[in-house]
Structures are given as structure tokens and as C-alpha cells.
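Enquirer: Here it is, the structure in full.
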Amino acid sequence: MKKQIEVIKKEYNSLKIELEKPEVISNSQKMKEIGKRMTELEEIMKKIKELENIEKNMRENAEIVNEEKDSELKEMALSENLHLSQKKEQVENELKALLIPKDPNDSKNVIVEIRAGAGGEESALFAADLFRMYSRYAEKNGWKVSLLSSSQTSIGGFKEIILNIEGRDVYKKMKYESGVHRVQRIPKTEKAGRIHTSTATVAVLPEAEEIDVKIDPSNLRIDTFCSSGPGGQSVNTTHSAVRITHLPTGMTVICQDEKSQQKNKEKAMKVLRARLLAAAEEKRIREIGETRRSQIGTGDRSEKIRTYNFPQDRITDHRLKENWSHIQDILDGNLEKVIDRLAEEDLKRKIMQK
């Protein structure tokens, strides 16, 4: 860690000098880039100084113990060093966490895709519950939610719903939600009172800017058609719905919620960029030999991550092997306790791997 600290100090001092150069001062983009990095480093530098002050005080106390003849002063120095050694361990752990390279996607907005899985209508109703949970969680965090696309069933569920969540550090928190969510309960459609098990899949994709993903317009096929509602009936006589197919990958995105064809096209392109970025990231991970299963925050869609057991009023996160009660409270958007535990465990793993 000492080498890393020296590298950080050197970079920080170098950037301070850069900020004073006239050619940098006159370049707003460069100033913005350096300023952003300086802000990141200042948090680390503050922790480094705290650690160095603790070590300095411990050395001074050690000198008192070795050189002082007054037994009372020696005892005070020993007692203080015992307290400082505990504080030092805490600060070192905090510094280790800060020195772990940040996921560049953490600050991004997200595209969340929720799809009904096994379980027919009940699965679609559960997908609607998840949509409501994430919408309320976003609201509690001061994030903005926009509906990009949806396919609703006749009784209020969703075969698929895609939303855009914008705000501070959205991906940093929401990335833990990717995977298969399972529900065990008596469906509204069940007359005999039997408990059914259904699933819905969630994919959380970092939103991609145009500079992140270059798309050649010649690689796109864009079709327009009339929007349809639950059951497939036509709800619009104009060709406002848009289907975009990315020919090299075969990816298809459909948006029909807006009355404007242009707005549907813009939303579809947003989803397509996010999917292409996610696919590129998955390929990169495979190439460097890592697996998604080794990282708690990047579970893929085929991995069962959580069970919502209504009869027992229990939510189980299978990655943590931990349970929470009060399902309805969590489905009302109070997801912090689950997300925070996942983030905490993720950080522990990264520190151990370091």
C-alpha cells in the first residue's frame, strides 16, 4: 500500500502544478477533467494525511515509552498507542477501499429491463411489482424515472418493461439487481389458494453515450408500425411505433409508448446503445478470464439472485445467503438495507482480492 500512496501523492502534486499552467487554465475541457480527478484524489489524500498523523503520534509515544522516566507518562503513552493502533487499522481499511479502482460505470445512469419469466400472468404481475419497487427506490434517492418501453397484460402486469433511471451514482447501487428474481405466493388468478412459484428477470445496463458506442447508421434497419395495447389490439392508427434492428448483432429494440415516432426512435436508440455497451463489456470480461459469478455486483440474467416468499414474509438474497422480513416494506421501495449489504460484501471481496 505504501507504493500506491506514493503514486497517489505524486499524481496529486503533479495535477496541482498542471492547474496553474496558462494553457490548461484556458482549456475548459482540460480544467474539467483535471478538476474531476483532483476531487477523487482529495478524498484519498485526506485519508492518507489522517494515517500519517496517526503514525507520527505513535512514533512520538514510542519515544516517550523508551526515553521517559516518569512511569505515569509512560503509561499514558502506552494507553494512547493502544487506542491509536486500533484507529490505524480502521483508517488503513478505509484507505484500501478508496484505493480500489472505481468502476467507470458507477456514475452512469441506467437502463433497467424487467421481463416476465416462468409463471404466466403471475410472472407478469410480479414484473409490475418489481417496476414499482425500483420506481419508489429511485424516488427515495431523488432519481428521475422515465418509461422507455412496455408491453402490458390485460390484468395490469408486464410481459416486459424498460425504464431509464437518471441521477447520482445510479449504476453504483442498481447494478446489484441484475439476475433472476423469484416469487412464491398465492396469485390473484389462483382460485384454489395454492402457492405458485414464478420468476422475472432484471437487467441493469449502464446508459451509453454516443461517444461510448459508435453505431454506423448503415448497420441499422428501422421499421415503423402501429402501436398495440394489451392483448395485441391496435391503439394508434399512425405508424408511431419503432423497431430498430442492429444487423451485425441481430439485436432488436421496440419502442411504442410515445405518440411521436421520433421520440420512440430516440428511446429505442438509447436502449440499443446500452445493450451494445453491455455486450462489449461482457466480451471484455470473458477475454481477461474473469467470470461474472466471482463478482457479487455483476450477476447475469440467468443467475437466481433473490426469492420473495410471501407466505413466510421473507426475502432471501442467495448471493449473501441472508434473509429480511417485511416483504411489502421492501417492495414499497425501502431497498437500502439489501443494497447496502450487497455493496458492503462486494467491497470486502475486492479488498481480499487486492
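Enquirer: How many nm separate the modelled label positions at Lys348 and Glu75, each set 7 Å beyond the Cα in the direction of the Cβ?
Expert: 3.9 nm
Enquirer: Multiply the residue gap between Asp169 and Ser14 by 0.36 nm, knock off their C-alpha separation, and tell me the result in nm, one decimal place. Kindly include the intermediate steps, with their values, before the conclusion.
Expert: Working: separation 155, 0.36 × 155 = 55.80 nm, distance 2.78 nm.
Working it through step by step, the gained length comes to 53.0 nm.
Enquirer: Compute the FRET efficiency between Leu247 and Cys226 as 1/(1 + (r/R0)^6), taking r as their Cβ-Cβ distance and R0 = 22 Å, and round to the nearest 0.05. The partial results should precede the final answer.
Expert: Working: r = 24 Å, r/R0 = 1.09.
Approximately 0.40, to the nearest 0.05.
Enquirer: Tilt of helix 71-99 relative to the longest C-alpha principal axis of the chain, in degrees (0 to 90, nearest 10)?
Expert: Value to nearest ten degrees: 30.
Enquirer: Quick check on the chain: take the gyration tensor over C-alpha atoms, sort the square-rooted eigenvalues as a ≥ b ≥ c, and tell me if it's rounded (a/c under 1.5), prolate or oblate.
Expert: Values: a/c = 3.09, a/b = 1.64, b/c = 1.88.
Oblate shape, in that a/c is at least 1.5 and b/c is the bigger or equal ratio.
Enquirer: In addition: On the accessible surface of the chain, probed at 1.4 Å, how many percent belong to carbon and sulfur atoms? Kindly include the intermediate steps, with their values, before the conclusion.
Expert: Values: 9940 of 20210 Å².
Answer for the chain is 49 percent, counting heavy atoms of protein chains only.
Enquirer: Add -39500 (n - 2.57) for each DSSP H run of 4 or more in the chain, then divide by its residues: what number comes out at 222 nm, to the nearest 500 deg cm²/dmol?
Expert: -16000 deg cm²/dmol
Enquirer: Now, a different point. Given labels modelled 7 Å from the Cα in the Cβ direction, how far is it in nm from Ser146 to Asn93?
Expert: Distance between the two pseudo-spin positions: 4.2 nm.
Enquirer: Ignoring ligands, DNA and RNA, what accessible area per residue does the chain give at 1.4 Å, in Å²? Intermediate values should be presented prior to the final figure.
Expert: Numbers: 20210 Å² over 354 residues.
With all protein chains present, the chain gives 57 Å² per residue.
Enquirer: Moving to a separate point now. Select from Leu331, Leu78, Leu220 the residue whose mean-square fluctuation is largest in a Gaussian network model of the chain (Cα-Cα springs shorter than 10 Å).
Expert: Its mean-square fluctuation being the largest, the pick is Leu78.
Enquirer: For Gln262 paired with Glu43, estimate the spin-label separation in nm (one decimal), with each label point 7 Å from Cα along the Cα-to-Cβ line.
Expert: A separation of 4.0 nm, rounded to one decimal place.
Enquirer: If amide hydrogens are placed 1.01 Å from N in the peptide plane, which non-local residues have theirs closer than 5 Å to the one on Glu160?
Expert: Ala116, Ser151
Enquirer: Give the separation of the Cα centroids, region 76-136 to region 315-331, in Å.
Expert: Centre-to-centre (Cα) distance: 15 Å.
Enquirer: Say R0 is 30 Å: what FRET efficiency, to the nearest 0.05, do Glu282 and Arg132 get from their beta-carbon distance?
Expert: Numbers: r = 29 Å, r/R0 = 0.96.
Here the calculated transfer efficiency is 0.55.
Enquirer: FRET efficiency for Lys3 and Val213, Cβ-Cβ distance as r, R0 = 41 Å, nearest 0.05?
Expert: Details: r = 36 Å, r/R0 = 0.87.
For R0 = 41 Å, the calculated efficiency reads 0.70.
The values are calculated or read from the model by the stated rules, or taken from the named source; none is laboratory data. Because the structure is predicted, anything quoted here is derived from the model rather than measured. Heads up, the Cβs are rebuilt from the backbone with ideal geometry, glycines too, and the neighbour counts pull from every protein chain shown. Heads up: the accessible areas ignore ligands, DNA and RNA and are worked out on the full protein's heavy atoms, side chains in. Shrake-Rupley method; radii C 1.70, N 1.55, O 1.52, S 1.80 Å.
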